[in-house]
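A.B. asks: Have a look at this one before I ask anything.
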Amino acid sequence: MNHILPNRRRFLSEMGMGLSSVALASLLQRDADASSIGWAPPTGQPHFPPKAKNVIWLFMNGGVSQMESFDPKPMLTKYGGKTISETPFAEAQDPAKLALERLVAPDGNGNQRNELYPLQIGFRKHGESGIEVSDWFPHVANHVDKLAIVRSMYTTDSNHGAQTQFHSGRHRNDGDFPTLGAWVHYGLGSLNDNLPQFISIGKREYWNNRDGHYLGPAHDAVPLRIDPKNPLDFSQPEITFPSEARQVGKDLLDQLNGMRADEYPEDPEMAARIASYELAFRMQTSVPEVVDFSQESAETKSLYGIGTPHCNEFAMQLLAARRMVERGVRFIQIQHGGGGAGAWDAHGKLKANHTKNALAVDQPIGGLLEDLQRRGLLDETLVVFATEFGRTPGSQGADGRDHHIFGFTVWMAGGGLKRGVVHGATDEIGFHAVENRHYVTDIHATIMQQLGLDSRKLELPGRKRLEIDHGHPIMDIIA
């Protein structure tokens, strides 16, 4: 029998047809999957009437001590120097209660610390609510009647992958998943087509430096610097070009990208790149204006602490956040203390560490809350103060606290939430969340609720999320 070998052209043609059929089958299968569950892409509209339009997400990297910020525990001082087993609270170290931890790799962090460490700062009651706040946060304390404080958070990653876990809801061992900001960006339309809808300010670590993941790179946050001359990477040419020349270049880029998009219509990176180029062109004038404070009054700058050395950087970031909210930016994610494990990671010298860091953030946050309130923006803006985990009731070394996942504190303000309330509780030494416990995605769900989003309607075909990914809104703090 004669075997006729195909020539090169025929072989490549038939192979291409084969690959095309595979791709077509994949697309048809995806469409079938989508239709079978009634899935449809987001329309850019909320699923139900929202109570908030914007989110300012303040994240403290490294782990803020819950019992020396917003959850005072005088029993630590009373029993300071004693081991937990020597106190009435020995059951805190019941192995069954500690079983929620998912270890990444033992490395000396996140361990049990047995000798109770006294409180390193005093507390006072503030406002009509009489809520106690640490003396490290006097400016925030002045606004305690605006806060909804959740003292019963927990997570499962005892190392700094918890930074990612708080943003995505997933443990690092599970892989990479979209962050809350990416889901909000995916679900809601633009409030201002000349500015990004999702902005990230502050340094992020390698485990926490992306947002979109399987939603696609179009849903990553746009990194921003508070510098009118250089707010974005590659936003300005090295030499001056007239606007007409920039338009010629943009038109050529649009043409080339359009040709490529026609050839690869299902390439999400190409779609994201085209969208980013379009947005970048518009942002060349709009973004520098947002971070130019020359039109802000001296009183407003002073309110935030601009010009004060210990808090100037964070103050500028928060004033920029208010200006972004005014101009329709949906989600502003600000991370304080990035670099390594995070500035709040007080394994030693906790008092010096938290004194310095609280000075850096307290006045700017107080200024932000006051400024939003007086401009009528707080009712539609959710301000979130979060951290990856808390610190241990027991001492690490002579004067530090280790990572602590079993109970810590987050607060939120504005955006249709109740004001001047405390929800949940830890035990008497701040070890375990014991009343109204909440995993980190309950914070996500509360924010989504206020923005008018049903996270279950945002799922992608083939990417079924776990129940814990969605979380549950904390209804007790919603007005």
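The values are calculated or read from the model by the stated rules, or taken from the named source; none is laboratory data. For clarity, every value in this text was computed on a predicted model and none was experimentally measured. Methodologically, a virtual Cβ is constructed for each residue, glycine included, from the backbone with ideal geometry; neighbour enumeration extends over all protein chains shown. We work out accessible area using only protein heavy atoms, side chains counted, and drop any ligands, DNA or RNA first. Shrake-Rupley method; radii C 1.70, N 1.55, O 1.52, S 1.80 Å.
A.B. asks: Give me the extension gain from ASP399 to ASP292: residue separation times 0.36 nm, minus the current Cα-Cα distance, reported in nm with one decimal.
C.D. replies: Value of the extension gain: 34.3 nm.
A.B. asks: Same structure, new question: Below 8 Å between Cα atoms, with a sequence gap of 6+, how large is the relative contact order for region 331-479 in percent?
C.D. replies: Contact order relative to length: 18 percent.
A.B. asks: Under a cut-off of 12 Å between alpha-carbon atoms, report the aspartates and glutamates in cross-link reach of LYS82, not counting same-chain residues fewer than 8 places apart.
C.D. replies: GLU115
A.B. asks: Express in whole angstrom the spacing between the alpha-carbon centres of region 399-430 and region 60-104.
C.D. replies: Region 399-430 and region 60-104 have Cα centres separated by 13 Å.
A.B. asks: I'd like the per residue volume of the convex hull spanned by the Cα atoms of region 338-479, given in cubic angstrom.
C.D. replies: In region 338-479, the Cα convex hull volume per residue is 150 Å³.
A.B. asks: Then there's this: May I ask you to compute the full-extension gain from SER190 to LEU466, defined as 0.36 nm times their residue separation minus their alpha-carbon distance, rounded to one decimal in nm?
C.D. replies: Extra length from SER190 to LEU466 when fully extended: 96.6 nm.
A.B. asks: Here's another thing I want to ask about it. Heavy-atom accessible area per residue, region 395-449, 1.4 Å probe: how many Å²?
C.D. replies: Accessible area per residue, region 395-449: 25 Å².
A.B. asks: Same structure, new question: Which loop-located trypsin sites (Lys or Arg not before Pro) does region 364-394 contain, where loop means any DSSP state but H, G, I, E or B and the Cβ has at most 13 other Cβ atoms within 10 Å?
C.D. replies: Taking region 364-394 and a limit of 13 other Cβ atoms within 10 Å, the loop trypsin sites (Lys or Arg not before Pro) found are ARG375.
A.B. asks: Mind checking the full-extension length gain between GLU128 and SER302? Use 0.36 nm per residue of separation minus the Cα-Cα distance, one decimal, nm.
C.D. replies: The span from GLU128 to SER302 would gain 60.0 nm if fully extended.
A.B. asks: Here's another thing I want to ask about it. Starting from the Cα of ALA479, step 7 Å along the direction of its Cβ; do the same at ARG456; then give the gap between the two resulting points in nm.
C.D. replies: The modelled label-to-label distance comes out at 2.8 nm.
A.B. asks: What is the spin-label model distance, in nm, from ARG437 to LYS356 if the labels are put 7 Å beyond Cα along the C-beta direction?
C.D. replies: Result: 3.5 nm between the two label points.
A.B. asks: Between their Cα atoms, which of LYS51/LYS418; LYS125/LYS356; LYS146/LYS418; LYS125/LYS351; LYS97/LYS349 are more than 18 Å away from each other?
C.D. replies: Where the Cα-Cα span goes over 18 Å, the pairs concerned are LYS125/LYS356; LYS125/LYS351; LYS97/LYS349.
A.B. asks: Taking R0 as 25 Å, what FRET efficiency do you get between GLU263 and ALA40 from their Cβ-Cβ distance, rounded to the nearest 0.05?
C.D. replies: Efficiency at R0 = 25 Å is approximately 0.40.
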